[in-house]
Amino acid sequence: MPKKILVVDDERPIVRLVQVNLEHAGYEVVAAYDGKEALEKVEQEKPDLIILDVMMPQMDGFEVMQKLQANPKTRDIPVIMLTAKAQDADVFRGWQSGVTLYLTKPFSPFELISFVRRIFRSLEEEEVEKRYEI
C-alpha cells in the first residue's frame, strides 16, 4: 500500500507540480488549498507525511503546525515545510514549530522526492530499531 502524502498550498500549480511528481514516484497524494482544509484532511485522510506551505489564507502554515503539534494523534506526522519564506527568522520559526524539513521555493521536484524517500526510510529504520530494541 503506497504512503499517503498531504500537499497543502494555496497555489494550485504548485500543488499540481508536487502531486504529479509524488504520484510518479509511487505515492498517493491528497491536496488541500488552505490551512483550515489541511487540518480537515489530516483528520479524514490520516496522511503519512505532509508537505505544507506557510503563506496561505484562513490559517498559515505555522498555525497549522501549532495545531498538529498540540494533538497527540498528529504530532508525529513528518512535515516538510515548502515555502517562499526564506529569511533566517522564517527558517528558524519553521524549525521551532517542529517541521521535519524546511525547503524553500523555488525547489527541485527531484530534490523533494529524495527528501520524502529519506524521511520514510528513516521512519522505517526507527520502527525496526523499536521492534528489536537495537
Check: Does the range 93-100 include one or more residues that are in a strand (DSSP E or B) and either open to solvent by less than 70 Å² (accessible area, probe 1.4 Å) or modelled with pLDDT under 95 (or both)?
Finding: no
Notebook entry, point to check: If you go through the range 118-134 one residue at a time, do you hit one that is touching a helix residue (DSSP H, G or I) at 6+ places or on another chain (Cβ under 9 Å) and either part of a strand (DSSP E or B) or more than 26 Å from Q44 (Cα to Cα) (or both)?
Noted result: yes
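Take the conditions open to solvent by 40 Å² or more (accessible area, probe 1.4 Å) and either touching a residue at least 60 places away in the same chain (Cβ under 8 Å) or in contact with a Leu (Cβ under 8 Å, 6 or more places away or on another chain) (or both) and apply them to L112. Does it pass?
The answer is no for L112.
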Checklist line | Residue among D88, D76, D48, D53 that alone is under 15 Å from D9 (Cβ atoms) and among the acidic types (D, E) | finding: D53
Check: When you scan the range 1-87 for strands (runs of 3 or more DSSP E) that lie fully inside it, which ones turn up with 1 or more residues that are of a type in the set (F, W, Y), at pLDDT 95 or above and open to solvent by 20 Å² or more (accessible area, probe 1.4 Å)?
Finding: none
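The values are calculated or read from the model by the stated rules, or taken from the named source; none is laboratory data. All figures in this text were calculated on a predicted structure; none of them were measured in a lab. A quick note on method: Cβ atoms are made from the backbone with ideal geometry, for glycine too, and the neighbour counts reach across all protein chains shown. For accessibility, only protein heavy atoms count, side chains too; no ligands or nucleic acids. Shrake-Rupley method; radii C 1.70, N 1.55, O 1.52, S 1.80 Å.
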